[in-house]
Amino acid sequence: MVELNGIFTLLVSFASLAFASELLAMGAEKLEDKLGQGIAGGIVLGLMTALPETLIVIEASVKGEYQVALGSALGGNVILFTLGIGLVGLTHWSRWKENIKMTGDYQVENKFLLLSTVIMIIIVIFEKLNFITSIITGGTYIAYFIYRLKQGYKDSIKNSKGLLIPSFEIGVGGIIIVIASNYFVTSISCLSNSLRVPAIWLSLVITPIAAELEEKISAIRLTMRRKQGSSIALVSFMGSKIENSTLLLAIIGGFTSLSMLSSLPELLAAIIANFIGFSILYDGKLGKLESIILVLSYFAMIFITFIV
């Protein structure tokens, strides 16, 4: 009976996430036409898809569970900058029979992603996450947010009509994601335990993929709906992980002075993932071969983790 309840919860929550991801994709498309790719993808879609881990970080920090908060903040970087980008690249090639050529000023996200990665390296060197690092990381995200907001404001003056519907779609999609994602991850964990899936598979493979599912679904739907959709999908990846690498670390450091010695593997993995994302998207092009390598590299890293 427990398994049947778990399967039902899994199916309902998955359907809810799929519906929410479709709403996000529809809203982001319309918002991009009005406000541009940067604010629609990097800010709005990035914030919405990062909502679940943002709430987890805040809740865990309030409870004093700082390792949980740190894992939630950085865990998604590895999967999105390998498996996530790779899936978008393969979906684009399968749908449109050509490589991705990003449009718009995506280099803004690339530069802030690089800056946030450099700051993370400094945190590794000093082995501390505290109030000072919170000011630096939080300030970095605020600078990114203000820069994009200014550009969006200029575009909104020109295209002020028609913002209500996409805003509603994105807002409803975000609310559904916040509610459904927790049920989905919990039901995946319970079902895996009942089927006696090894704990290491659950922690390294199943749960991380499930936790980032809505972000990958919305990116794939954007890619399939129109040719330039892959560009805003990748920008949303960068925007959400800029937030994770800056704002979420700032939240944790604002609550405590945390030694990073025990968390160096997570930090180093996130730094490597950020560099992968930066280097792959630097020229704004993503081919089939690169996408395959990215997907395989994710599973290679998982395999290495199993061996170690």
| message | Quick check on ALA60: is it of a type in the set (A, V, I, L, M) and more than 15 Å from LEU213 (Cα to Cα)? | response | yes
| Which of the helices (runs of 4 or more DSSP H) contained wholly in the stretch 1-102 include at least 1 residues that are closer than 27 Å to LEU191 by Cβ and free of Cβ contacts under 8 Å to residues at least 12 places away in the same chain? | 2-35, 51-63
| Just one of the numbered conditions (1) on the phi < 0 side of the Ramachandran plot; (2) modelled with pLDDT of 90 or more is not true of LYS97; which one? | (1)
| remark: Filter the stretch 191-222 for residues that are in a loop (DSSP other than H, G, I, E, B) and not β-branched (Val, Ile, Thr); the one that is modelled with the lowest pLDDT is PRO198
| request: Tell me, please, whether a residue that is closer than 23 Å to LEU90 by Cβ, of a type in the set (Val, Ile, Thr) and either modelled with pLDDT of 80 or more or more than 13 Å from the chain's Cα centre (by Cα) (or both) can be found in the stretch 231-251. | output: yes
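Yes/no matrix, rows are residues, columns are (1) surrounded by 13 or more Cβ atoms within 10 Å (Cβ to Cβ); (2) of a type in the set (A, V, I, L, M); (3) under 16 Å from the mean Cα position of the chain (by Cα):
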site	(1), (2), (3)
LYS63	no, no, no
ALA69	yes, yes, yes
ILE85	yes, yes, yes
LYS101	yes, no, no
GLU109	yes, no, yes
THR137	yes, no, no
ILE142	yes, yes, no
| task | For the stretch 287-296, state whether one or more residues are without any contact (Cβ under 8 Å) to a residue 60 or more places away in the chain, among the acidic types (Asp, Glu) and farther than 20 Å from TYR66 by Cα. | result | no
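The values are calculated or read from the model by the stated rules, or taken from the named source; none is laboratory data. Everything numeric in this text was worked out from a predicted model, so none of it was measured. For neighbour counting, all protein chains shown are included, and Cβ atoms are generated from backbone atoms with ideal geometry for every residue, glycine included.
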